[in-house]
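Please read the structure below before turning to the comments.
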Amino acid sequence: HYVKTGRGYVAYQTVGEGDRDLLFIPDAFGNLDTQWDEPAFARTILRLSEIGRLIMVNRRGIGLADPLPVDEQPSLQAWCDDITVVLDELGTTSVAIVATGGAAPMGVTIAAQQPERIAALVLLGGWAALRRTDDYPFGITDELLDVAAEATETMWGSGTMMHFGAPDRADDPRIRDWYSRFERSAASPTTAANVQRMLIDTDVRALLPDVRSPTLVIHRDADPVISVEYGRYIADRIPGATFLTLPGSAHLCFGDAPLEWLEEVRHLLTGTRVGSVVERALRTMLFSDIVDSTKHAARVGDERWHELLTKYEDLLATEISASGGTLIDSKGDGHLA
């Protein structure tokens, strides 16, 4: 759906229903359509929607929302205002925020500014500021931040950033291809670089003591992008916040066993857990084949058959990857996984 703000249209989507509302902000970039094309991301969304009505927003300049002029740098406050307009449109009076990575400053800002509306705050792999200062020694130096901004513009749309955001999945060509498309559908290179520069200048540390909602800060202990010190800093300064480290090296919300952090969110918001994360699984060998493929190919003709075969192979690759499997061999329309 779309809703018009004073600055243009923003896009939003709701998934599921229930007595509670959740606002999911998966990092600074996104596309409400393309995110569904990756099974791990889609499962993350659907798992959160089991808790209540899930709300997702493409703010102006991002994804399906109106674009920004090439010379305009987005504003964190304007993005928070875009989200507020959507919450007002939906009649949301109480909402839990789940913000990951570069969306954490938005989550903190909204929670600090609208304490009566925010039922809970969850930050995954988040930060309050990026730049190193004397009282923030683990921050990133100005030199490295300049390199990061330039790299964002030159590498955008290539999928290269998967190696930093989800190193456990970056070698999968199917996921990397999806992530390349996801980046391109989320923003142009110029907008991506402008967003990166805006994030570099963002500092919401002064707002942390103003957050009054129950807060859970989750961080991977080997996050290669935002080290665990960033999360610990946030949790130390939000009154009553809980800090939890999980094993793994993924920065993105769909890498490194996402069920772990999703269960922690469920427990915070509902007081229950579905069950512990499975550590053992049955090894399964799968052979797939199109029945009577030779006859079918002769009946529909070469062009139609090749179209069907391409769709079939894409479907297999998606389902095998979604189940944590590996394609071993293929011959014609036969596949062994």
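The values are calculated or read from the model by the stated rules, or taken from the named source; none is laboratory data. What you are looking at is a predicted structure, and each value in this text was computed from that prediction instead of being measured. Cβ atoms come from the backbone with ideal geometry, glycine included; neighbour counts cover every protein chain shown. Accessible surface is based on the protein model in full, side chains and every heavy atom, while ligands, DNA and RNA are left aside. Shrake-Rupley method; radii C 1.70, N 1.55, O 1.52, S 1.80 Å.
Structure above, values below:
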item: Members of the stretch 17-45 found to be out of contact with any Gly (no Cβ under 7 Å at 6 or more places or on another chain) and farther than 18 Å from Ile175 by Cβ, listed by number; result: Glu17, Leu23, Phe24
item: Some residue of the stretch 72-95 being open to solvent by 20 Å² or more (accessible area, probe 1.4 Å), closer than 18 Å to Arg205 by Cα, aliphatic (A, V, I, L, M) and in contact with a strand residue (DSSP E or B) (Cβ under 9 Å, 6 or more places away or on another chain); result: no
item: Residue list for the stretch 26-51, restricted to those being touching a residue at least 60 places away in the same chain (Cβ under 8 Å), under 19 Å from Ala186 (Cβ atoms), outside any helix (DSSP H, G or I) and open to solvent by less than 20 Å² (accessible area, probe 1.4 Å); result: Ala28, Gly30, Asn31, Glu38
item: Residues that are touching a residue at least 40 places away in the same chain (Cβ under 8 Å), open to solvent by 60 Å² or more (accessible area, probe 1.4 Å) and in contact with a Ser or Thr (Cβ under 9 Å, 6 or more places away or on another chain), drawn from the stretch 204-237; result: Pro214, Pro224
item: Verdict on Arg132 being of a type in the set (D, E, K, R), at pLDDT 95 or above and surrounded by fewer than 23 Cβ atoms within 10 Å (Cβ to Cβ); result: yes
item: Matching option when the condition is part of a loop (DSSP other than H, G, I, E, B), surrounded by 15 or more Cβ atoms within 10 Å (Cβ to Cβ) and of a type in the set (A, V, I, L, M), among Leu23, Leu68, Leu54; result: Leu68
item: Residues of the stretch 94-111 classified as over 15 Å from Val195 (Cβ atoms) and assigned to a helix (DSSP H, G or I), total; result: 5
item: Cβ-Cβ under 7 Å pairs, at least 6 apart or on other chains, the stretch 174-192 side without any contact (Cβ under 8 Å) to a residue 60 or more places away in the chain and among the basic types (Lys, Arg), far side part of a helix (DSSP H, G or I) and surrounded by 22 or more Cβ atoms within 10 Å (Cβ to Cβ); result: Arg176/Met162
